[in-house]
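Every number here is computed from the coordinates shown, using simple stated rules; none is lab data. In this text the structure is predicted, and so the values were computed from the model without any measurement. With ideal geometry, Cβ positions are generated from the backbone for all residues, glycine too; neighbour counts draw on all protein chains shown.
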Amino acid sequence: MSLARLGFVPVLGLLPLLGFGCSDPAPPTPRAAYSLNFVKPGASCNVGGHSEVLGEVTAARRLRVVADGDEGASVDCTVTGSGSFDVSATLKNSATATQVRVKIVDISPGATKEMPASGSVSFSSAKTSGTTFTSTTDEQCQFWFDAESEQGVDAGKIWVVFECPSVTDGQHTCEIRRGALALDSCGS
């Protein structure tokens, strides 16, 4: 007797389509918060100083991170590694027309203000008239963890403080002081 006569062929043909519910669960939605102070250190900067935030985070407190798609936020991030980590994030806040891009290569959990990790930040906001200011390769941004806080890094998440002594649009040079960044549920 053949299997077709017993009705197994059509059922077996559907097995690859059914998948038996063994698919991976959907990844968690990435979340972020940042605060930063865009500073006009002198005549070389053509934009007035101002602060920008998404969610609620400072060096001392991480109160609220915003999920991708909530409150006009777009969060795309990865935090990969073990021992030392690479961080990449593009964060947009449509409510304030702000975009922040962060790239850190090789940050260790032991990064301090005295021995920080280097990286780059690009920043634009309504107050920069949409002009993007980017850290330079000569003076990269510095990222570290305050010893008196719960800041840290692990696969998929980071909470860190940073400063950029020089961000430029190619003609004007400004500064970012005492920023804080928190990411979680990022690809790892």
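Selection of segment 32-51 for residues being out of contact with any helix residue (DSSP H, G or I) (no Cβ under 9 Å at 6 or more places or on another chain) and closer than 30 Å to Gly187 by Cα yields Ala32, Ala33, Tyr34, Ser35, Leu36, Asn37, Ser51. Identify all residues within segment 82-120 that are within 15 Å of the chain's Cα centre (by Cα) and either assigned to a loop (DSSP other than H, G, I, E, B) or of a type in the set (Val, Ile, Thr) (or both); write none if there are none. Val87, Thr90, Thr98, Val100, Val102, Ile104, Val105, Ile107, listed by residue number.
When you check Phe38 against the structure, is it farther than 21 Å from Thr136 by Cβ, touching a residue at least 60 places away in the same chain (Cβ under 8 Å) and either of a type in the set (Lys, Arg) or buried (at least 16 other Cβ atoms within 10 Å of the Cβ) (or both), yes or no?
Criteria not met by Phe38.
Out of curiosity, is Ala111 surrounded by 17 or more Cβ atoms within 10 Å (Cβ to Cβ) and in contact with a Leu (Cβ under 8 Å, 6 or more places away or on another chain)?
Working: surrounded by 17 or more Cβ atoms within 10 Å (Cβ to Cβ): yes; in contact with a Leu (Cβ under 8 Å, 6 or more places away or on another chain): no.
No, not satisfied.
Taking residues in segment 138-159 that are part of a loop (DSSP other than H, G, I, E, B), and partners anywhere that are surrounded by fewer than 16 Cβ atoms within 10 Å (Cβ to Cβ) and β-branched (Val, Ile, Thr), the pairs with Cβ atoms closer than 8 Å and at least 6 places apart or on different chains are Phe145/Thr112; Ala147/Thr112; Ala155/Thr80.
Which of the following residues is at positive phi, touching a residue at least 12 places away in the same chain (Cβ under 8 Å) and surrounded by 15 or more Cβ atoms within 10 Å (Cβ to Cβ): Gly81, Gly69?
Gly81
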